[in-house]
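Presented below is the structure to which this report refers.
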Amino acid sequence: TLLSRQGQLEDAVRSLERALALQPDLPGAHVNLGNALSSLGRPEEALQQFERAAQRSPRQLEPRFNGAVLAARLGRTTQAETWLREALTIAPSFGGARLELGRLLYNSGRGEEALEHLRRAYALSPESAAAAECLAAALSGAPLPGL
C-alpha cells in the first residue's frame, strides 16, 4: 500500500485491518498486511496473513513465496518447503522459488535435490547474481549465502 511505501507501516497495518474487517476475502490485502507485519518484526502474525491469502486464492503465488521465505528464516523448514513447492506448482518457471527451494534443501542436507533446483534457478535466471553464487557455492560444497 502507499502507506507502507512511505514507511508508515503501523498506519498501513491499521488501514489493512479495517479493510479486512469489512471484506475479509481480499487475498491481496492479506498479502499486503503480511508484508507490513513482517517488516514490523511480527512474523507470526505475518505468516497467518500469508496463510489466509493462500487459502482464499489457491493460484496466487505471492503469499506462498513470501510466507515460505519468512518461514525459512524462522527455521520452519517443512512449512517453507511446502509453500515453495506449491509456488512452483503454480509457476514452474519462477526462478526465485527454485532458488529458495534449492537453498532450503541444501541447508537441510539434501544436496543432490538442492543442486537440481539451483541449476534450474540459474537456467531460468542466468542474469541473477544470487542464482550464480548459490550454484557455485553448492557445487564447491561451500555454505550458501542467504536464508
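The values are calculated or read from the model by the stated rules, or taken from the named source; none is laboratory data. Bear in mind that the values here come from a model prediction, so they are computed numbers and not experimental data. Ideal geometry is used to build each Cβ from the backbone, glycine not excepted, and the neighbour counts take in all protein chains shown. Ligands, DNA and RNA are stripped out before the accessible areas are found, and what is left, the full protein with its side chains, is counted by its heavy atoms. Shrake-Rupley method; radii C 1.70, N 1.55, O 1.52, S 1.80 Å.
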**Report entry** Cα-based shape type of the chain, given that a ≥ b ≥ c are square roots of the gyration tensor eigenvalues and the cut on a/c is 1.5
**Finding:** prolate
Query raised in the report: Working out 0.36 nm times the residue gap between Ser108 and Glu127, then minus their Cα-Cα distance, what length gain in nm do you get to one decimal?
Result: 4.2 nm
Report summary line: Excluding ligands, DNA and RNA, the carbon-plus-sulfur percentage of the accessible area of the chain with a 1.4 Å probe reads 51 percent
Report task. Could you do me a favour and compute the accessible area per residue for the stretch 1-145, 1.4 Å probe, result in Å²? Result -> 51 Å²
Query raised in the report: Pulled fully out, how much extra length does the chain show between Ser93 and Ala21, if you take 0.36 nm times their separation in residues and subtract their Cα-Cα distance?
Result: 22.4 nm
Query raised in the report: What is the sum of charges around Ala114, taking Lys and Arg as +1, Asp and Glu as -1, for the other residues whose C-beta is under 15 Å from the C-beta of Ala114?
Result: 0
Report task. Describe numerically, in nm with one decimal, the distance between label points set 7 Å from Cα along Cα→Cβ at Arg73 and at Arg119. Result -> 3.1 nm
Report summary line: When the chain is treated as a Gaussian network with springs between alpha carbons less than 10 Å apart, the largest mean-square fluctuation among Leu88, Leu40, Leu70 is found at Leu40
